[in-house]
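Taken together, the values in this text are just the output of simple stated rules run on the coordinates, not laboratory data. Keep in mind the model is a prediction, meaning the values are calculated, not measured. Cβ coordinates were reconstructed from backbone atoms using ideal geometry, including for glycine residues, and neighbour counts include every protein chain displayed.
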Amino acid sequence: MKARYKYRVYPDNVQKKALAKLFGCCRTVWNDSLAYCNELYKEGKKKPSNAELQKQFITQAKKTENREWLKEVSNIPLQQSLNDLNAAYQNFFNSCKGKRKGKPARPPKFKSKKSRQTARFRKGGFKISQDRVVLTKVGKLKIICNTKTT
């Protein structure tokens, strides 16, 4: 059974900075890999696999001088950002081929600071207790549970 919960989070100032850094890193990884994929598409080349993108835009990027700040956040949301980009591309291409039902999907867009900031954690990147959520490299966030949806 899958369950989804809605929480209201109350971070302190240090946690707000850590979350802002996390959102910025996720946005950077998404935008860098999207730009690379768009460039390959214009050249008529095939989109690289998700593992290749992770290696290039997370692992290798952390070793460069201008992207070494990616080390300061957890790997899990960065990987999930690339997984989400991969899903967006699959939805778009399946929609173009007629394999996807419903409204036609648009190609993935670049993320900006002004749009909704997101970061997804998967198993191992967070722990939930009664009144706290612990996020890797962010800390314990005070929460209030609003509703449960399934």
Problem set entry | Highest-first arrangement of 120-129, 87-96, where packing means the average Cβ count within 10 Å | 87-96, 120-129
Exercise. Can you list the aspartates and glutamates whose alpha carbon is less than 17 Å from that of K109, not counting same-chain residues fewer than 8 positions off?
Worked result: D32, E39, D84
Exercise. Quick one: if the Förster radius is 25 Å, what FRET efficiency do Q90 and V14 give, using the C-beta to C-beta distance and rounding to 0.05?
Worked result: 0.10
Seminar exercise, completed: Note: the chain at 20 °C, 1.002 mPa s; Kirkwood Rh on alpha carbon pairs; Stokes-Einstein D in µm²/s works out to 125
Exercise. When the Cα centres of region 1-75 and region 83-118 are compared, how far apart do they sit, in Å?
Worked result: 16
Exercise. Given the pairs K16/K123; K21/K101; K71/K140, which span a C-alpha to C-alpha distance of over 26 angstrom in this model?
Worked result: K21/K101
Exercise. R0 = 30 Å: FRET efficiency of K137 with K103, Cβ-based, nearest 0.05?
Worked result: 0.20
Exercise. In percent, what relative contact order does the chain have, based on Cα pairs under 8 Å that are 6 or more apart in sequence?
Worked result: 40
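What full-extension length gain, to one decimal in nm, is calculated for A3 and A35 as 0.36 nm per residue of separation minus the Cα-Cα distance? Please list the in-between numbers first.
Values: separation 32, 0.36 × 32 = 11.52 nm, distance 3.45 nm.
Once the chain is fully extended between A3 and A35, it gains 8.1 nm.
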Seminar exercise, completed: With Cα coordinates, the longest principal axis of the chain makes an angle with the long axis of helix 75-97, in degrees rounded to 10, of 40
